[in-house]
Amino acid sequence: MNMKAKARLLASLKIWMVIYPSITAFLFLFGQQLSGLPLYQRTFILTTSLVPWMVFAGMPFLDFLLHKFSGKGEERQV
């Protein structure tokens with residue numbers, strides 16, 4: 001597997017690690033209230049809520065955690 005394919009696979013796994021629990025939590029919290037709306041309206045509300053969450057909070061937080069626990073976040077002492 002070349003580097004470009006590995007980077008894409010890693011990016012898709014990271015996105016899934018944020019979006020799956022986010023959608024699950026959103027539907028758990030608001031699914032019943034939104035169930036009376038047509039599908040296109042529910043989808044619009046879901047995406048307008050979760051896309052900014054993913055871009056501005058979820059992915060940066062996951063990157064922070066992965067960086068911290070990978071050991072790359074530690075300062076090298078000379």
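Please treat every number below as a calculation from the coordinates, not as lab data. All values reported here derive from a predicted model rather than from experimental measurement. Virtual Cβ from ideal backbone geometry, glycine too; neighbours counted across all protein chains shown.
Against the longest alpha carbon principal axis of the chain, how many degrees, from 0 to 90 and to the nearest 10, is the axis of helix 59-69 turned?
The angle comes out at about 30 degrees.
Arrange Lys4, Lys14, Lys68 by Cβ neighbour counts within 10 Å, fewest through most, would you?
On the way: Lys4 8, Lys14 15, Lys68 11.
So the ranking, lowest neighbour count to highest, is Lys4, Lys68, Lys14.
Using Cβ counts within 10 Å as a stand-in for footprinting exposure, how do Phe26, Phe69 rank, fewest first? Could the numbers behind the result be given before it?
Working: Phe26 16, Phe69 9.
If I rank by nearby Cβ atoms, fewest first, I get Phe69, Phe26.
Quick one: order Trp53, Trp16 by neighbouring beta-carbon count within 10 Å, fewest to most.
Trp16, Trp53
How large is the convex hull of the C-alpha atoms of the chain per residue, in Å³? Don't skip to the end; give the middle numbers.
On the way: hull volume 9.7 nm³, N = 78.
Per-residue hull volume (Cα only) is 124 Å³.
Just to confirm the number: angle between the C-alpha axis of helix 3-34 and the first principal axis of the chain, 0 to 90 degrees, nearest 10?
Approximately 30 degrees, to the nearest ten.
With θ taken as phi - 60° and the coefficients 6.51, -1.76 and 1.60, list the Karplus ³J(HN,Hα) couplings across region 46-55 in order, rounded to whole Hz; mark glycine and proline as x.
Couplings: 4, 6, 5, 8, 8, 5, x, 4, 4, 6 Hz.
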